[in-house]
Amino acid sequence: MNAADDKTIVREYFNSTGFDRWQRIYGDGQVNKVQLDIRTGHQQTVDTVIGWLEADQNLAELSICDAGCGVGSLSIPLAIDGAKVYASDISAKMVSEAQDRAVQVLFNTVNPTFAVQDLESLTGNYDTVICLDVLIHYPQEKADEMISHLCSLAQSRIILSFAPKTFFLTILKKIGSFFPGPSKATRAYLHREVDVVKILEKNGFTVQRQAMTQTRFYFSRLLEATR
């Protein structure tokens, strides 16, 4: 499989069976134990990012690109806090759901601004670019291109999450426990933190803050890097 195939798989998955599954996971309805665990982990990652941005006390002054926004779990809270948010996702169904949720909470269609786009087609300049739980769907060579492109859009800061390639997680992935049973999505790619940091440094960024979210079935390394 090549990188183009991975993109097609991701798009088709999140526009079909994947949308129904992950819409429930990112919602507040009843789910199975594995999905609940993943929901908890993802929300912890989102909460960490929001905490970092709120601690800087300038959210209302920022323009933010939420690349791979899903159903708006991050975009909507940031808009509530006053940031100008441009959100995109490769899945049209995810974007439609995010727009609906934003209208229900914010009662407008102005901010966040949502669009159906893959990461490579994103343009513009933003104070901060954020990409959460997307890199797991792409191999390292494609991740290099994607991170570099996102860096080109960020004026001052980029925040990324990825599934770290550790010995423990590599073993889990090999025995099929990374996304077990009915919660399995697309292929799960692990990335070495040292490789991600090298890409960021190559593009003029230095890691400032970092965190790790780990539940039973959700593993996410979070890095904030600035120019």
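The values are calculated or read from the model by the stated rules, or taken from the named source; none is laboratory data. Everything quoted here is computed from the prediction, not taken from an experiment. Cβ atoms come from the backbone with ideal geometry, glycine included; neighbour counts cover every protein chain shown. These accessible areas exclude ligands, DNA and RNA; they are computed on the full protein's heavy atoms, side chains included. Shrake-Rupley method; radii C 1.70, N 1.55, O 1.52, S 1.80 Å.
On the basis of being surrounded by 18 or more Cβ atoms within 10 Å (Cβ to Cβ), under 19 Å from the mean Cα position of the chain (by Cα), at pLDDT below 80 and under 24 Å from residue 25 (Cβ atoms), does residue 179 make the cut?
yes
Name, by its number, the condition in (1) open to solvent by 50 Å² or more (accessible area, probe 1.4 Å); (2) modelled with pLDDT of 95 or more that does not hold for residue 110.
(2)
Scan the range 67-111 for residues that are in a loop (DSSP other than H, G, I, E, B), closer than 20 Å to residue 11 by Cα and among the polar types (S, T, N, Q) and jot them down.
Matches in the range 67-111: 73, 91.
Kindly indicate whether residue 136 is in a helix (DSSP H, G or I) and crowded, with 23+ Cβ neighbours inside 10 Å.
Answer is no for this residue.
Would you please list the contacts, defined by Cβ atoms under 6 Å and residues six or more apart or on different chains, that run from a residue in the range 103-125 that is more than 12 Å from residue 75 (Cα to Cα) to a residue that is part of a strand (DSSP E or B) and open to solvent by 50 Å² or more (accessible area, probe 1.4 Å)?
What qualifies is 125/155.
Is at least one residue of the range 43-66 assigned to a loop (DSSP other than H, G, I, E, B) and open to solvent by less than 40 Å² (accessible area, probe 1.4 Å)?
Checked the range 43-66: at least one residue is assigned to a loop (DSSP other than H, G, I, E, B) and open to solvent by less than 40 Å² (accessible area, probe 1.4 Å).
Determine whether residue 138 is closer than 22 Å to residue 207 by Cβ, more than 16 Å from the chain's Cα centre (by Cα) and not hydrophobic (A, V, I, L, M, F, W, C).
Spelling it out, it is not the case that residue 138 is closer than 22 Å to residue 207 by Cβ, more than 16 Å from the chain's Cα centre (by Cα) and not hydrophobic (A, V, I, L, M, F, W, C).
Please determine whether any residue of the range 23-30 is more than 13 Å from residue 214 (Cα to Cα), within 17 Å of the chain's Cα centre (by Cα) and part of a loop (DSSP other than H, G, I, E, B).
There is at least one residue in the range 23-30 that is more than 13 Å from residue 214 (Cα to Cα), within 17 Å of the chain's Cα centre (by Cα) and part of a loop (DSSP other than H, G, I, E, B).
Condition check ((1) surrounded by fewer than 24 Cβ atoms within 10 Å (Cβ to Cβ); (2) of a type outside the set (S, T, N, Q)) across all residues:
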{"residue": "73", "(1), (2)": "yes, no"}
{"residue": "76", "(1), (2)": "yes, yes"}
{"residue": "79", "(1), (2)": "no, yes"}
{"residue": "91", "(1), (2)": "no, no"}
{"residue": "95", "(1), (2)": "yes, yes"}
{"residue": "101", "(1), (2)": "yes, yes"}
{"residue": "106", "(1), (2)": "yes, yes"}
{"residue": "116", "(1), (2)": "yes, yes"}
{"residue": "130", "(1), (2)": "no, yes"}
